[in-house]
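Chemist: For reference, the structure I am asking about is given below.
The values are calculated or read from the model by the stated rules, or taken from the named source; none is laboratory data. In this text, all values refer to a predicted model and were calculated from it rather than measured experimentally. A quick note on method: Cβ atoms are made from the backbone with ideal geometry, for glycine too, and the neighbour counts reach across all protein chains shown.
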Amino acid sequence: MSAVDVLELNRDFGLNGAVVFSQVDSGLIKANIQTPICTSELFLQGAHLTKWQPAGSDDVLFLSAKSLFQPGKAIRGGIPVIFPWFGARTKNEFSDRTDGPAHGFARTSQWSVVSTALQKENLVIVLKLKPTAISRELGFDQFTVLYEVTLGKELNLSLRVVNNSAKAMQFEEAFHTYLAVADVRDVNLVGLKDVHYFDKTDNLSNKIEIEPLRLSSETDRLYINTASTVTLHEDTAQRQITLSKEDSATTVVWNPWAEASAKMADMEPDGWQRMVCVETANAGVNAIVLGPGQSHTMQATISIDSN
Ligand code: TA6
């Protein structure tokens, strides 16, 4: 992307101060969003929301100060958009391929801006991902992904995947949301009681959540067949974060904890203490299959309440 692109983006989609596009040193372009009710930032690489701060609140999203912000590199924090596979690519009924980057190519691809608009007090930005040279190499050449982000007192995410091919396609998807917390050891997650999950820290063993769900070590759980709303409570902070969803059957809860975090070049040493991922997804047994011409939309809504 060049400076000309930034000029064109501001000409076509800038919104009198509410939306201003700029380019960071690495060349990545981001939308700087400022309305009376929230401040946000969204990088066009990956359509990656890196900041959502409702007026009067702290930033709701965690963003690693050591994130690379380099072309082709995933940003550590915010809300990575995961598509078309979750984690390592695995074989399925429609493809026996296992090559490609962890969590798919969407989060490191360049998305285009479709529209920006103020709807009452909310700022709505729509972005699109079409096949790229990389996606084609990986076997994805006939799809469209539309991502609508509504920024206000609440955050609403809507991901619509369209199968433009004459064949069925299977995909996984996730909003890999990094929530900012004062201390993950004071966090209590409610809403997943009695839900089955695969525990990636225990050989993917299948377990049932008994709650209260508190984190005290590396946690990596894929909760399946659940439409539940999850609420994050913090013993110390003066707020709780609620994540509701539509047409998502998987919820992922992840924190790498100290040892795994120390091995991440793009995570500060104490970063793990100030984040927890609560991810809205369709993954594993909940992967989506679209027939020719079909589409599917997954939605998430994140809201905060002061205690
Ligand atoms: O969403 C949880 C997870 O799949 C973990 O298993 C861990 O691999 C994490 O994602 C890694 O995320 P990253 O952004 O480093 O690819």
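Chemist: Please work out if residue 292 is over 21 Å from residue 204 (Cβ atoms), at pLDDT below 95 and surrounded by fewer than 22 Cβ atoms within 10 Å (Cβ to Cβ).
Modeler: no
Chemist: Sort out which residues of the range 84-97 are more than 13 Å from the ligand (Cβ to nearest atom) and part of a loop (DSSP other than H, G, I, E, B), and write them in order of number.
Modeler: Matches in the range 84-97: 84, 91, 93, 94, 96, 97.
Chemist: Next question, about the same structure. Could you tell me whether the range 70-77 includes any residue that is of a type in the set (A, V, I, L, M, F, W, C), in a loop (DSSP other than H, G, I, E, B) and more than 13 Å from the ligand (Cβ to nearest atom)?
Modeler: No.
Chemist: Next up: Considering (1) crowded, with 20+ Cβ neighbours inside 10 Å; (2) among the polar types (S, T, N, Q); (3) under 15 Å from the mean Cα position of the chain (by Cα); (4) more than 16 Å from the ligand (Cβ to nearest atom), say which one residue 150 fails and leave the rest.
Modeler: (1)
Chemist: Of all the residues that make up the range 52-65, how many are part of a loop (DSSP other than H, G, I, E, B) and surrounded by 14 or more Cβ atoms within 10 Å (Cβ to Cβ)?
Modeler: 5
Chemist: Let me ask something additional. Quick one: in the range 273-286, of everything that is of a type in the set (A, V, I, L, M) and assigned to a strand (DSSP E or B), which residue is farthest from residue 159 (Cα to Cα)?
Modeler: Selected residue: 275.
Chemist: For the range 102-124, which positions are touching a residue at least 24 places away in the same chain (Cβ under 8 Å), out of contact with any Leu (no Cβ under 8 Å at 6 or more places or on another chain) and on the phi < 0 side of the Ramachandran plot?
Modeler: If the condition is that a residue be touching a residue at least 24 places away in the same chain (Cβ under 8 Å), out of contact with any Leu (no Cβ under 8 Å at 6 or more places or on another chain) and on the phi < 0 side of the Ramachandran plot, then 107, 108, 115, 119, 121 are the ones that fit.
Chemist: I need a count of the residues in the range 103-126 that are in contact with a Ser or Thr (Cβ under 7 Å, 6 or more places away or on another chain) and within 16 Å of the ligand (Cβ to nearest atom).
Modeler: 2
Chemist: Among the numbered criteria (1) away from the ligand (no atom under 13 Å from the Cβ); (2) within 19 Å of residue 277 (Cα to Cα), which single criterion is violated by residue 66?
Modeler: In the conditions (1) away from the ligand (no atom under 13 Å from the Cβ); (2) within 19 Å of residue 277 (Cα to Cα), residue 66 misses (1) alone.
Chemist: Picking from 205, 244, which residue would you name as being small (Gly, Ala, Ser), in contact with a strand residue (DSSP E or B) (Cβ under 7 Å, 6 or more places away or on another chain) and surrounded by fewer than 16 Cβ atoms within 10 Å (Cβ to Cβ)?
Modeler: From the options 205, 244, the qualifying one is 205.
Chemist: Name the residues in the range 178-205 that are under 15 Å from residue 240 (Cβ atoms), within 15 Å of the ligand (Cβ to nearest atom) and of a type in the set (Val, Ile, Thr), would you?
Modeler: Correct list: 184 only.
Chemist: Further question: Quick check on the range 1-45: of everything there that is among the polar types (S, T, N, Q) and over 24 Å from the mean Cα position of the chain (by Cα), which residue is nearest to residue 109 (Cα to Cα)?
Modeler: So the residue we want is 2.
Chemist: What's the total number of residues in the range 70-103 that are out of contact with any helix residue (DSSP H, G or I) (no Cβ under 9 Å at 6 or more places or on another chain) and buried (at least 20 other Cβ atoms within 10 Å of the Cβ)?
Modeler: The total comes to 5.
Chemist: Right, here's the next one. Restrict the check to the range 287-306 and report whether at least one residue is of a type in the set (Gly, Ala, Ser), within 14 Å of the ligand (Cβ to nearest atom) and either part of a strand (DSSP E or B) or in contact (Cβ under 8 Å) with a residue 24 or more places away in the chain (or both).
Modeler: No: zero hits.
Chemist: Could you please tell me which pairs satisfy a Cβ distance under 8 Å, a separation of 6+ or placement on different chains, a first residue in the range 76-96 that is touching a residue at least 24 places away in the same chain (Cβ under 8 Å) and among the small types (Gly, Ala, Ser), and a second residue that is part of a loop (DSSP other than H, G, I, E, B) and near the ligand (Cβ under 9 Å from one of its atoms)?
Modeler: Listed by first residue and then by second, the contacts come to 87/102; 87/103; 87/283.
Chemist: Tell me which residues, restricted to the range 168-202, are surrounded by 20 or more Cβ atoms within 10 Å (Cβ to Cβ) and on the phi > 0 side of the Ramachandran plot.
Modeler: 191
Chemist: Could you please let me know if residue 100 is assigned to a loop (DSSP other than H, G, I, E, B), at pLDDT 95 or above, within 22 Å of residue 250 (Cβ to Cβ) and within 12 Å of the ligand (Cβ to nearest atom)?
Modeler: no
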